[in-house]
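The values are calculated or read from the model by the stated rules, or taken from the named source; none is laboratory data. As the structure is a prediction and not an experimental result, all values here were calculated from the model. With ideal geometry, Cβ positions are generated from the backbone for all residues, glycine too; neighbour counts draw on all protein chains shown.
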Amino acid sequence: HWRQLVLRAYWDGAEEPAVEVPYGDFFASGWGRFAQVDSQMIASNPHGGFNSYWPMPFREGAVLTLENTSDQDARVYYQVTYELGGDHSEDAYFHAQWRRSNPLEAATPHVLLEGVEGQGQYVGTYIAWGVNSNGWWGEGEIKFYLDDDEAGGFPTIAGTGTEDYFGGAWNFDVPGEGYTAFSTPYLGMPQVIRPDGLYISQQRFGMYRWHVADPIHFTTGLPRVDIQALGWKSAGRYLPLRDDIASTAIFYLDRPVTVRPEAPSFEAMEIHLGAGAGPHSPAGPARR
C-alpha cells in the first residue's frame, strides 16, 4: 500500500498542503517493494521502517495527514518528533511535490517542478523510473531554471546525464554484474527491479539526490525543473523515450503555500509489477 497512501503536511494554518506525495515515494520507495536506503535525510529499513530527517519548521502550527486512496484498510504505525519554542520567523517552509508521466509524451522532458514563486532552495529529488524500451535509458539531462531563466531556454544548471546526476557513472553498469544498486548519504540508486522472464517484462529503478551539501538557491522563483528521457539510436543519435517517470521534488520556500499539481489519485499512483496473469492487487480505488 505504499503507493496507495498520500502523505500531506500543512504549515501555520494553511488550507493547502505544502507536502502532497505518495507515502512510498516520500521515503524513496516508489515501486512498492522494499529496498534499503542509507541516506542522510531518508532511511528505509527492513521491512517498511521509513524514517525522515528533513527539518520541517513552522511558526504557529503543523498538520500532518495520511490519506488511503484505496478500498482496502492499511495498518500504519507512526511517530512524530517535534520541538516547540525558539524563533523560526526566518526559517523557510518545507515543500514536496509529486508528478508522474506514464508514459512520457514523445520528445518532451518530464517536469519535476514548475511555476514556483518566492525565495528558497531546492534540496532533493527522488525518481521511480520505469524503462519501457530496450537499451540504455539515462542519457537525458536534468535542467534547473532559476529566477529569470525562461523555461525552455537556457537553464542556470544543466546536467550531463541521468546517472551522473544521481552520482553514478557509465550507465551504473559494473562489468560482469550489470546495473548495481548503491545508497550513500546524499545520492544513490538503491533499487533495481529486473525482468523475471514472465510478467515483469521491463526494468524499474529508484534513485535519489539530496542537495544538502550543495543546495540550489533561488531568489525570485523556480520557473521549472525538468529531466529528459533519452537513449541511443544508431550512429550516435539520441532516441527519445516514452518511459514511466514518477518524481518527488523537495524544496524550501519563504511561504507555506505555492502552486502545485493535481492531488495524487489511486489511478495516477497505481503501479503494476506483474504478480501474475490475473489482477495484480485486490485493492481498488476508494468508493466515494
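Collect the residues in region 81-107 that are closer than 19 Å to residue 260 by Cα and either in contact with a Gly (Cβ under 6 Å, 6 or more places away or on another chain) or at pLDDT below 95 (or both), keeping them in residue-number order. 92 - this is the single residue of region 81-107 that is closer than 19 Å to residue 260 by Cα and either in contact with a Gly (Cβ under 6 Å, 6 or more places away or on another chain) or at pLDDT below 95 (or both).
Select from region 194-220 the residues that are of a type in the set (A, V, I, L, M, F, W, C) and buried (at least 20 other Cβ atoms within 10 Å of the Cβ) and write down the one among them that is farthest from the chain's Cα centre (by Cα). Top of the filtered list is 218. The set of residues in region 118-158 that are in a loop (DSSP other than H, G, I, E, B), touching a residue at least 60 places away in the same chain (Cβ under 8 Å) and among the aromatic types (Phe, Trp, Tyr) comprises 136, 137.
For region 269-287, indicate whether the set of residues that are at pLDDT 95 or above, of a type outside the set (Ser, Thr, Tyr) and touching a strand residue (DSSP E or B) at 6+ places or on another chain (Cβ under 8 Å) is non-empty. For region 269-287, residues at pLDDT 95 or above, of a type outside the set (Ser, Thr, Tyr) and touching a strand residue (DSSP E or B) at 6+ places or on another chain (Cβ under 8 Å): present.
Residue selection: residue 87 fails the criterion of being surrounded by 15 or more Cβ atoms within 10 Å (Cβ to Cβ) and of a type in the set (Asp, Glu). Scanning region 2-24 for residues that are out of contact with any Gly (no Cβ under 9 Å at 6 or more places or on another chain) and acidic (Asp, Glu) returns 15, 16, 20. Restricting 250, 245 to those that are crowded, with 19+ Cβ neighbours inside 10 Å and either without any contact (Cβ under 8 Å) to a residue 12 or more places away in the chain or in contact with a Ser or Thr (Cβ under 6 Å, 6 or more places away or on another chain) (or both) reduces the list to 245.
Candidates in region 154-193 are the residues that are over 22 Å from the mean Cα position of the chain (by Cα) and not acidic (Asp, Glu); of these, the one that is nearest to residue 29 (Cα to Cα) is 178. Scanning region 178-216 for residues being assigned to a loop (DSSP other than H, G, I, E, B) and out of contact with any helix residue (DSSP H, G or I) (no Cβ under 7 Å at 6 or more places or on another chain) gives a total of 19.
Candidates in region 101-117 are the residues that are in a strand (DSSP E or B) and not acidic (Asp, Glu); of these, the one that is surrounded by the fewest Cβ atoms within 10 Å (Cβ to Cβ) is 115. Of all residues in region 1-59, those being under 26 Å from residue 87 (Cα atoms), in a loop (DSSP other than H, G, I, E, B) and charged (D, E, K, R) number 4.
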